[in-house]
1. Kindly indicate which of Gln475, Gln418 is modelled with pLDDT under 80 and under 30 Å from Ala351 (Cα atoms).
2. Picking from Glu84, Glu90, Glu68, which residue would you name as being part of a helix (DSSP H, G or I), in contact with an Asp or Glu (Cβ under 8 Å, 6 or more places away or on another chain) and in contact (Cβ under 8 Å) with a residue 40 or more places away in the chain?
3. Thr117 is checked against (1) under 28 Å from the mean Cα position of the chain (by Cα); (2) of a type outside the set (A, V, I, L, M, F, W, C); (3) not in a helix (DSSP H, G or I) and fails just one. What number does that condition carry?
4. Considering only the stretch 170-243, give the strands (runs of 3 or more DSSP E) lying wholly within it that have at least 2 residues that are of a type outside the set (Val, Ile, Thr).
5. Have a look at Ala360, Ala354 and point out the one that is over 23 Å from the mean Cα position of the chain (by Cα), outside any loop (DSSP other than H, G, I, E, B) and of a type in the set (A, V, I, L, M).
6. For the subset of the stretch 317-350 comprising residues that are buried (at least 20 other Cβ atoms within 10 Å of the Cβ) and under 23 Å from Glu421 (Cβ atoms), which member is modelled with the lowest pLDDT?
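The values are calculated or read from the model by the stated rules, or taken from the named source; none is laboratory data. All values reported here derive from a predicted model rather than from experimental measurement. Here Cβ is always computed from backbone atoms with ideal geometry, including for glycine, and neighbour counts include all displayed protein chains.
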Amino acid sequence: MPGLSIARPGSVATALLLAATAAFAQPDAARDDARAITDPPFPSADAMRAVAARINGEPIRLRAILDEAALLYAVPATDMLVQEAILRAEARRRGVTPSDAAVDDEIARFVATRNETRPLADVLRQRRMSWSRFHTRMRHNAIRSALLAKDRVDARDETAASAWQRRLTSLYDVTTDPLALPEGTFAIVRDTKGAEVAQITTDDLLAERLPTLTLRHLDRALAERARIVAIDATLRARGIAPSASRVAARVGAFREQHTDAFPWEQALRAIGRNAHLEIRRFRHDDAIDQVIGTDADDATLRAYYTARPDHFGRATVTASHILIRNADPVTGRIDYEAARRRIVAVARELAGGASFESLARRYSEDAASRERGGDIGMFTLVSAYDRDFCRLAFTLREGEVSPPVKTRQGWHLIKCRQRTEPRLDDYPFERVRDIVRDDRQDELRRRWIERNVEVDVSDVLDRVALRYVRPVRVQPR
């Protein structure tokens, strides 16, 4: 049956990872000085060409997995790199060069404002930051402080300093629209004369993010790359390609619908989405639509609408959960079978009379909700939570606890504490017809992928990637 299958080789990944990162994760007294903390080596050209995995038999090189990781985590890193490029350009334009003493002052301010009692080296290790990267951040802070002083803006006044930063950014033209950028470029910064002052590329993002990547990040990147490669191969085998004009039209429709004062990619960032990923999704959607069609009359759409009252009637559930991950303390990878056995044991304690809240405080590995007895608040059927999690929660009556359910996060028990029933009258079909059409089409695409796209991943990247990533520190239960 089509789906995702990952076969992991029996390797000594944990031992290798500990050995490769021991100096960073468990420093001895000789490394207490923050200046001794270095980044892992950036992969050489040969390492980038190494086969990190095979997807349906097709070799996938480490470069492709790292590029995917850069893409998945691009937005905050791109924004920061753009702001730093603008600061450097403005400093050059105005002849501002921070002294070493000014940088030292920023480091002292960094420590003082955080009330840190630990050595700076320990702080940097926790943040997975080398001395060189930290020093570069502090140098940019010194540039900013010097420019603020030159413009007589009090850096301690956050409102005034933020307004100054916005004015400075407005002096530069920043292009982040994927359709207007070369492949592998995430931003281009130009000055008022149109001269390019910086270009943020995939390599820049990798240099910034690689030291903070963990095997968990790479697992997500591998899974996403596997899905993309498999979909592309399936469409290619059927001779189906997306239409550039239709994809551009869809972007145009998004612009008209969502953006008045901001570029469309900034509007996407405001709702937590990545324009580069959206363009890729638009292309896949267009190609798949050529197979499944897009025509649906009102009768079909109305039937879809009335069959899903919880969704379109905006029903809500207020719930608590107990999460068991049983993650490896170094790699962060979840042992689903061990987690399943533990959640079953917790369910037995619950059946024996223990309270859900006390079990959540004792066993749950969700740090955000554990101390609240597992309370995760109110959500709708289409919330940001896992789809299977939400669907099961909406089948529960008030006070009822679910059987164990598996998600990407691990295994859960879910307790429905309160629910509101759907009110389709508040959302009549005529008002939400376009939403119904889009939701139905999205579901048809997902079903087509599930039926037709097979993803088999083998020769996983552990042996190649271990030298370039940090261990994951999992909080003890």
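1. Gln475
2. Values: Glu84 fails: in contact with an Asp or Glu (Cβ under 8 Å, 6 or more places away or on another chain); Glu90 fails: in contact with an Asp or Glu (Cβ under 8 Å, 6 or more places away or on another chain).
Glu68 is the lone residue from the list that is part of a helix (DSSP H, G or I), in contact with an Asp or Glu (Cβ under 8 Å, 6 or more places away or on another chain) and in contact (Cβ under 8 Å) with a residue 40 or more places away in the chain.
3. Failed condition: (1).
4. The qualifying strands (runs of 3 or more DSSP E) are 185-190, 196-201.
5. None of the others qualify; the one that does is Ala360.
6. Val317
Yes or no, residue by residue, for (1) touching a residue at least 24 places away in the same chain (Cβ under 8 Å); (2) more than 20 Å from Thr202 (Cα to Cα); (3) not charged (D, E, K, R):
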{"site": "Arg49", "(1), (2), (3)": "no, no, no"}
{"site": "Pro76", "(1), (2), (3)": "no, no, yes"}
{"site": "Val103", "(1), (2), (3)": "yes, yes, yes"}
{"site": "Ile107", "(1), (2), (3)": "yes, yes, yes"}
{"site": "Leu120", "(1), (2), (3)": "yes, yes, yes"}
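Yes/no per residue for (1) farther than 22 Å from Ala223 by Cα; (2) basic (Lys, Arg):
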position: Arg302; (1), (2): yes, yes
position: His311; (1), (2): yes, no
position: Arg314; (1), (2): yes, yes
position: Val317; (1), (2): yes, no
position: Ala327; (1), (2): no, no
position: Ala338; (1), (2): no, no
